[in-house]
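These notes concern the structure reproduced below.
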Amino acid sequence: MEEKEISQAVIGRLPRYYRYLGELKMSGVDRISSRELSKLMHVTASQIRQDFNNFGGFGQQGYGYNVGFLYEEIGKILGLDNDHNMILIGAGHLGQALINYMNFRNRGFFFRGAFDVNPDLWGKEAGGVKIYPCDDEKMKKFIADEKIDIAVLCIPKTQAPAIAGKLVSYGIRGIWNFAHVDLPVPDDVQVENVHLSDSLMKLSYNLRRHTSETAKNGKKSEDWDRNL
Ligand code: NAI
(Lines give C-alpha, C1' and ligand atoms only; values in the text may rest on other atoms or scores of the structure.)
Protein backbone atom coordinates (compact mmCIF):
# COMPACT_ATOMS: atom_id res chain seq x y z
CA MET A 1 0.00 0.00 0.00
CA GLU A 2 1.38 3.40 -0.94
CA GLU A 3 1.77 5.61 2.13
CA LYS A 4 1.01 9.31 2.07
CA GLU A 5 1.64 11.82 4.83
CA ILE A 6 -0.93 11.18 7.56
CA SER A 7 -1.82 13.79 10.15
CA GLN A 8 -0.74 13.16 13.71
CA ALA A 9 -4.39 13.45 14.77
CA VAL A 10 -5.27 10.42 12.62
CA ILE A 11 -2.19 8.51 13.81
CA GLY A 12 -3.25 9.30 17.36
CA ARG A 13 -6.63 7.62 16.75
CA LEU A 14 -5.23 4.45 15.13
CA PRO A 15 -4.20 2.64 18.34
CA ARG A 16 -7.77 2.99 19.62
CA TYR A 17 -9.19 1.50 16.38
CA TYR A 18 -6.60 -1.23 16.67
CA ARG A 19 -7.64 -2.05 20.25
CA TYR A 20 -11.35 -2.17 19.45
CA LEU A 21 -10.80 -4.26 16.32
CA GLY A 22 -8.58 -6.64 18.29
CA GLU A 23 -11.36 -7.12 20.82
CA LEU A 24 -13.94 -7.66 18.06
CA LYS A 25 -11.66 -10.19 16.40
CA MET A 26 -11.16 -12.01 19.70
CA SER A 27 -14.89 -12.25 20.19
CA GLY A 28 -15.35 -13.77 16.74
CA VAL A 29 -16.78 -10.77 14.87
CA ASP A 30 -15.82 -11.03 11.17
CA ARG A 31 -17.21 -7.83 9.75
CA ILE A 32 -18.51 -4.50 10.97
CA SER A 33 -20.03 -1.43 9.37
CA SER A 34 -18.67 2.04 10.06
CA ARG A 35 -22.02 2.77 11.75
CA GLU A 36 -21.65 -0.14 14.18
CA LEU A 37 -18.02 0.71 14.86
CA SER A 38 -19.02 4.31 15.39
CA LYS A 39 -21.61 3.32 17.99
CA LEU A 40 -19.15 1.10 19.77
CA MET A 41 -16.37 3.69 19.86
CA HIS A 42 -18.48 6.82 20.32
CA VAL A 43 -17.00 8.55 17.25
CA THR A 44 -18.93 9.52 14.15
CA ALA A 45 -19.16 7.09 11.23
CA SER A 46 -17.91 9.84 8.92
CA GLN A 47 -14.84 10.32 11.12
CA ILE A 48 -14.11 6.60 10.83
CA ARG A 49 -14.58 6.65 7.05
CA GLN A 50 -12.39 9.74 6.72
CA ASP A 51 -9.67 8.21 8.89
CA PHE A 52 -9.65 4.95 6.96
CA ASN A 53 -9.72 6.78 3.64
CA ASN A 54 -6.23 8.01 4.50
CA PHE A 55 -5.08 4.46 3.93
CA GLY A 56 -7.18 3.60 0.93
CA GLY A 57 -10.48 2.90 2.65
CA PHE A 58 -10.39 -0.79 3.59
CA GLY A 59 -14.19 -1.01 3.42
CA GLN A 60 -16.56 -2.36 0.78
CA GLN A 61 -19.89 -0.81 -0.07
CA GLY A 62 -22.69 -2.84 1.48
CA TYR A 63 -20.29 -5.17 3.27
CA GLY A 64 -18.59 -2.93 5.81
CA TYR A 65 -15.15 -3.69 7.09
CA ASN A 66 -13.50 -7.06 7.36
CA VAL A 67 -12.40 -6.97 11.00
CA GLY A 68 -9.41 -9.31 10.69
CA PHE A 69 -8.08 -7.57 7.58
CA LEU A 70 -8.56 -4.10 9.04
CA TYR A 71 -6.89 -5.13 12.29
CA GLU A 72 -3.88 -6.44 10.39
CA GLU A 73 -3.64 -3.44 8.07
CA ILE A 74 -3.80 -0.93 10.92
CA GLY A 75 -1.23 -3.06 12.76
CA LYS A 76 1.07 -2.78 9.73
CA ILE A 77 0.57 0.98 9.54
CA LEU A 78 1.48 1.20 13.21
CA GLY A 79 4.58 -0.91 12.59
CA LEU A 80 3.25 -3.73 14.76
CA ASP A 81 3.93 -6.41 12.18
CA ASN A 82 7.56 -6.38 13.41
CA ASP A 83 8.60 -7.05 16.99
CA HIS A 84 10.41 -4.29 18.84
CA ASN A 85 13.28 -4.90 21.23
CA MET A 86 13.46 -2.42 24.07
CA ILE A 87 15.71 -1.49 26.97
CA LEU A 88 14.66 0.27 30.10
CA ILE A 89 16.86 3.06 31.42
CA GLY A 90 16.05 3.70 35.08
CA ALA A 91 14.53 0.74 36.94
CA GLY A 92 12.88 2.75 39.70
CA HIS A 93 9.18 2.95 40.56
CA LEU A 94 7.88 3.87 37.12
CA GLY A 95 10.41 1.79 35.20
CA GLN A 96 9.59 -1.36 37.14
CA ALA A 97 5.86 -0.79 36.76
CA LEU A 98 6.33 -0.58 32.97
CA ILE A 99 8.66 -3.53 32.67
CA ASN A 100 6.28 -5.68 34.71
CA TYR A 101 3.31 -4.84 32.49
CA MET A 102 2.98 -8.00 30.42
CA ASN A 103 0.59 -6.63 27.83
CA PHE A 104 3.33 -4.84 25.85
CA ARG A 105 4.52 -8.30 24.77
CA ASN A 106 1.17 -9.10 23.24
CA ARG A 107 1.70 -6.09 20.99
CA GLY A 108 5.22 -7.20 20.02
CA PHE A 109 7.20 -4.94 22.39
CA PHE A 110 9.81 -6.87 24.33
CA PHE A 111 12.02 -5.54 27.11
CA ARG A 112 15.41 -7.27 26.73
CA GLY A 113 17.25 -5.63 29.60
CA ALA A 114 17.31 -2.73 32.05
CA PHE A 115 20.08 -0.33 33.05
CA ASP A 116 20.35 1.71 36.23
CA VAL A 117 23.03 3.64 38.10
CA ASN A 118 21.91 2.24 41.47
CA PRO A 119 24.30 -0.59 42.48
CA ASP A 120 21.60 -2.10 44.75
CA LEU A 121 19.65 -3.02 41.61
CA TRP A 122 22.49 -4.55 39.58
CA GLY A 123 22.06 -8.26 38.91
CA LYS A 124 18.44 -8.21 40.07
CA GLU A 125 15.58 -9.00 37.74
CA ALA A 126 12.52 -6.98 36.84
CA GLY A 127 9.82 -8.18 34.47
CA GLY A 128 11.93 -11.25 33.71
CA VAL A 129 14.99 -9.29 32.53
CA LYS A 130 18.28 -8.38 34.25
CA ILE A 131 19.18 -4.94 35.54
CA TYR A 132 22.70 -3.94 34.48
CA PRO A 133 25.02 -1.09 35.50
CA CYS A 134 25.02 1.87 33.12
CA ASP A 135 28.42 1.03 31.74
CA ASP A 136 28.88 2.73 28.36
CA GLU A 137 30.58 -0.17 26.58
CA LYS A 138 28.16 -2.74 28.01
CA MET A 139 25.18 -0.65 26.98
CA LYS A 140 26.53 -0.09 23.47
CA LYS A 141 27.26 -3.81 22.98
CA PHE A 142 23.89 -4.82 24.45
CA ILE A 143 22.04 -2.51 22.07
CA ALA A 144 23.90 -3.92 19.07
CA ASP A 145 23.76 -7.60 20.13
CA GLU A 146 20.09 -7.56 21.11
CA LYS A 147 19.07 -5.37 18.15
CA ILE A 148 17.43 -2.87 20.46
CA ASP A 149 15.43 -0.24 18.60
CA ILE A 150 13.55 1.44 21.45
CA ALA A 151 14.85 2.85 24.75
CA VAL A 152 12.39 3.62 27.52
CA LEU A 153 13.61 6.53 29.65
CA CYS A 154 12.45 6.53 33.26
CA ILE A 155 15.22 8.61 34.79
CA PRO A 156 15.34 12.09 36.35
CA LYS A 157 14.92 14.87 33.80
CA THR A 158 18.35 16.29 34.63
CA GLN A 159 19.92 13.05 33.34
CA ALA A 160 17.69 12.37 30.36
CA PRO A 161 19.18 14.59 27.58
CA ALA A 162 22.74 13.31 28.10
CA ILE A 163 21.63 9.67 28.29
CA ALA A 164 19.43 10.12 25.21
CA GLY A 165 22.44 11.51 23.30
CA LYS A 166 24.50 8.45 24.22
CA LEU A 167 21.73 6.03 23.32
CA VAL A 168 21.36 7.65 19.91
CA SER A 169 25.10 7.34 19.30
CA TYR A 170 24.76 3.63 20.18
CA GLY A 171 22.14 3.17 17.48
CA ILE A 172 18.81 3.74 19.25
CA ARG A 173 16.22 5.17 16.84
CA GLY A 174 13.14 5.31 19.09
CA ILE A 175 12.82 6.78 22.57
CA TRP A 176 9.78 6.41 24.79
CA ASN A 177 10.47 9.30 27.08
CA PHE A 178 8.84 9.59 30.50
CA ALA A 179 11.28 12.19 31.84
CA HIS A 180 9.66 15.61 31.88
CA VAL A 181 12.08 17.23 29.48
CA ASP A 182 12.33 17.65 25.72
CA LEU A 183 15.15 15.64 24.24
CA PRO A 184 17.41 17.20 21.62
CA VAL A 185 17.82 14.36 19.10
CA PRO A 186 18.53 14.19 15.35
CA ASP A 187 15.61 14.16 12.90
CA ASP A 188 15.90 10.46 12.20
CA VAL A 189 15.28 9.60 15.86
CA GLN A 190 11.67 9.33 16.97
CA VAL A 191 10.73 10.46 20.46
CA GLU A 192 7.36 9.86 22.03
CA ASN A 193 6.94 11.89 25.19
CA VAL A 194 4.51 10.51 27.74
CA HIS A 195 3.29 12.84 30.44
CA LEU A 196 0.58 11.31 32.58
CA SER A 197 0.02 14.66 34.24
CA ASP A 198 -0.96 16.16 30.83
CA SER A 199 -3.71 13.59 30.62
CA LEU A 200 -4.77 14.42 34.17
CA MET A 201 -4.87 18.14 33.32
CA LYS A 202 -7.04 17.33 30.29
CA LEU A 203 -9.38 15.45 32.62
CA SER A 204 -9.40 18.41 34.97
CA TYR A 205 -10.28 20.75 32.06
CA ASN A 206 -13.14 18.49 30.94
CA LEU A 207 -14.45 18.18 34.48
CA ARG A 208 -14.40 21.95 34.88
CA ARG A 209 -16.09 22.48 31.50
CA HIS A 210 -18.70 19.83 32.24
CA THR A 211 -19.39 21.28 35.67
CA SER A 212 -19.95 24.76 34.25
CA GLU A 213 -22.14 23.40 31.40
CA THR A 214 -24.23 21.42 33.88
CA ALA A 215 -24.66 24.53 35.97
CA LYS A 216 -25.74 26.43 32.82
CA ASN A 217 -28.23 24.01 31.26
CA GLY A 218 -28.96 21.57 34.07
CA LYS A 219 -28.14 18.42 31.99
CA LYS A 220 -27.11 15.63 34.35
CA SER A 221 -25.29 12.37 33.67
CA GLU A 222 -28.47 10.37 34.51
CA ASP A 223 -30.05 12.04 31.43
CA TRP A 224 -27.16 10.82 29.33
CA ASP A 225 -27.45 7.27 30.77
CA ARG A 226 -31.10 7.12 29.80
CA ASN A 227 -30.18 8.09 26.23
CA LEU A 228 -27.87 5.11 25.76
P1 NAI B 1 12.63 6.67 40.84
O2 NAI B 1 13.55 7.54 41.64
O3 NAI B 1 11.86 5.62 41.56
O4 NAI B 1 13.49 5.93 39.70
C5 NAI B 1 14.46 6.55 38.94
C6 NAI B 1 15.53 5.52 38.66
O7 NAI B 1 16.44 6.06 37.73
C8 NAI B 1 16.33 5.13 39.91
O9 NAI B 1 16.38 3.71 40.02
C10 NAI B 1 17.71 5.74 39.64
O11 NAI B 1 18.74 4.98 40.22
C12 NAI B 1 17.75 5.70 38.13
N13 NAI B 1 18.68 6.64 37.51
C14 NAI B 1 18.97 7.91 37.87
N15 NAI B 1 19.85 8.45 37.01
C16 NAI B 1 20.11 7.50 36.08
C17 NAI B 1 20.95 7.46 34.95
N18 NAI B 1 21.70 8.50 34.58
N19 NAI B 1 21.00 6.32 34.23
C20 NAI B 1 20.25 5.24 34.59
N21 NAI B 1 19.46 5.22 35.67
C22 NAI B 1 19.38 6.34 36.39
O23 NAI B 1 11.71 7.65 40.05
P24 NAI B 1 10.34 7.29 39.27
O25 NAI B 1 9.20 7.64 40.13
O26 NAI B 1 10.45 5.93 38.71
O27 NAI B 1 10.39 8.37 38.11
C28 NAI B 1 11.35 8.26 37.08
C29 NAI B 1 11.21 9.42 36.10
O30 NAI B 1 9.96 9.38 35.49
C31 NAI B 1 11.30 10.81 36.77
O32 NAI B 1 11.94 11.68 35.86
C33 NAI B 1 9.85 11.22 36.95
O34 NAI B 1 9.69 12.60 36.98
C35 NAI B 1 9.27 10.62 35.72
N36 NAI B 1 7.86 10.33 35.80
C37 NAI B 1 7.15 10.63 34.68
C38 NAI B 1 5.84 10.35 34.61
C39 NAI B 1 5.16 10.68 33.34
O40 NAI B 1 3.93 10.64 33.27
N41 NAI B 1 5.88 11.02 32.32
C42 NAI B 1 5.09 9.73 35.70
C43 NAI B 1 5.94 9.39 36.83
C44 NAI B 1 7.28 9.71 36.85
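The values are calculated or read from the model by the stated rules, or taken from the named source; none is laboratory data. Just so you know, these numbers come straight off a predicted model, no measurement behind them. We place every Cβ from the backbone using ideal geometry, glycine too, and count neighbours over all the protein chains shown. Quick note on the areas: whole protein, heavy atoms, side chains included, nothing else; ligands and nucleic acids left out. Shrake-Rupley method; radii C 1.70, N 1.55, O 1.52, S 1.80 Å.
Using a 1.4 Å probe, what is the accessible area per residue for region 32-73, in Å²? Don't skip to the end; give the middle numbers.
Numbers: 2390 Å² over 42 residues.
So region 32-73 comes to 57 Å² accessible per residue, rounded to a whole number.
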Legend entry - Derived scalar couplings ³J(HN,Hα) [region 150-158; Karplus, 6.51 cos²θ - 1.76 cosθ + 1.60; whole Hz; x for Gly, Pro]: 10, 10, 9, 9, 10, 10, x, 5, 5
Legend entry - Net dipole in debye of region 89-145 [+1 Lys, Arg Cβ; -1 Asp, Glu Cβ; about Cα centre; nearest 20]: 300 debye
Inset, instruction - Report the antiparallel proportion of the DSSP beta bridges in the chain as a percent, rounded to a multiple of 5. - result: 20 percent
Legend entry - Within region 183-222, backbone nitrogen closer than 20 Å to the virtual label 7 Å beyond the Cα of ASP136 toward Cβ: 184-186
Inset, instruction - Name the long-range amide H neighbours of GLY64: under 5 Å, sequence gap of 5 or more, or other chain; modelled H, no Pro or chain starts. - result: none
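Between GLN47 and ASP83, how high is the FRET efficiency from 1/(1 + (r/R0)^6) when r is the Cβ-Cβ distance and R₀ = 35 Å? Nearest 0.05. It would help to have the intermediate numbers written out before the result.
Details: r = 31 Å, r/R0 = 0.88.
Between GLN47 and ASP83 the formula returns 0.70.
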Inset, instruction - Show the residues, 5+ positions off or on another chain, whose built amide H is closer than 5 Å to the amide H of ASN193. - result: ASN177
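Could you state the accessible area per residue of region 77-117 in Å², with a 1.4 Å probe and every protein chain left in place?
Details: 2000 Å² over 41 residues.
It amounts to 49 Å² per residue over region 77-117.
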Legend entry - Candidates MET139, MET26, MET86, ranked by Gaussian network fluctuation over the chain, Cα under 10 Å, top entry: MET26
Inset, instruction - Return the sequence-ordered ³J(HN,Hα) values of region 164-176 in whole Hz as given by the Karplus equation 6.51 cos²θ - 1.76 cosθ + 1.60 applied to θ = phi - 60°, using x for Gly and Pro. - result: 4, x, 5, 4, 5, 5, 8, x, 5, 10, x, 10, 9
Inset, instruction - Compute the relative contact order of the chain as a whole-number percentage, counting only Cα pairs closer than 8 Å that sit 6 or more residues apart in sequence. - result: 12 percent
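May I ask you to order 185-192, 123-130 by the average number of other C-beta atoms within 10 Å around their residues, highest value first? Display every interim value, and only then the final one.
Values: 185-192: 11.5, 123-130: 14.6.
Highest mean packing first, the order is 123-130, 185-192.
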Inset, instruction - Give the accessible surface of region 118-189 per residue, rounded to a whole number of Å², with probe radius 1.4 Å and ligands, DNA and RNA excluded. - result: 54 Å²
Inset, instruction - State the Kirkwood hydrodynamic radius of region 41-119 in Å, one decimal place, computed from all pairs of distinct Cα atoms. - result: 15.5 Å
